[in-house]
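First the structure, in the form of structure tokens, and then the observations on it.
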Amino acid sequence: QVQLVESGGGLVQAGGSLRLSCVVSGSGFIINAMGWYRQAPGKQRELVATITSGGSTNYADSVKGRFTISTDNAKNTVYLQMNSLKPEDTAVYYCTVVGWGRDYWGQGTQVTVSL
């Protein structure tokens, strides 16, 4: 069984920073890619950033230059460093991992950016 546990969300003022973490557990699980998505109230879930097992990254245009995705493979953890946060970044952020032919999702962590 694969489990994803996210942490690091919270309330921050505009211009501030947060770092999200997601720990993936599962015996023998081989990770092909990891990523972060977000969903704001009344909106569809959207891609924020992804990273492959080879280290290739992809970012939504809205977060390029402000957010950085990284991994610690030894800890099966993916991070999302979020700088220069804006009120429009407010959303529930979900961690996802691809492996064993499918994707798995975390429970989500709330990020709220105030003016």
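The values are calculated or read from the model by the stated rules, or taken from the named source; none is laboratory data. Because the structure is a prediction, the values reported are computed rather than measured. Cβ sites come from the backbone with ideal geometry, for glycine too, and all protein chains shown count toward neighbours. For accessibility, only protein heavy atoms count, side chains too; no ligands or nucleic acids. Shrake-Rupley method; radii C 1.70, N 1.55, O 1.52, S 1.80 Å.
Within the accessible area of the chain, the carbon and sulfur atoms contribute 48%, probe 1.4 Å, all protein chains present.
Take every DSSP beta bridge whose two residues both sit in the chain; close to 90 percent of them are antiparallel.
Only Lys, Arg, Asp and Glu carry charge here, each on its Cβ (+1 for the first two, -1 for the last two); on that basis the chain has a dipole of about 40 debye about its Cα centre. Protein heavy-atom accessible surface, 1.4 Å probe, per residue over region 54-112: 50 Å². Between the alpha-carbon centres of region 1-30 and region 46-83 there is a gap of 11 Å. What are the lysines whose alpha-carbon lies under 18 Å from the alpha-carbon of LYS75, with same-chain residues fewer than 8 places away excluded? Reachable lysines: none.
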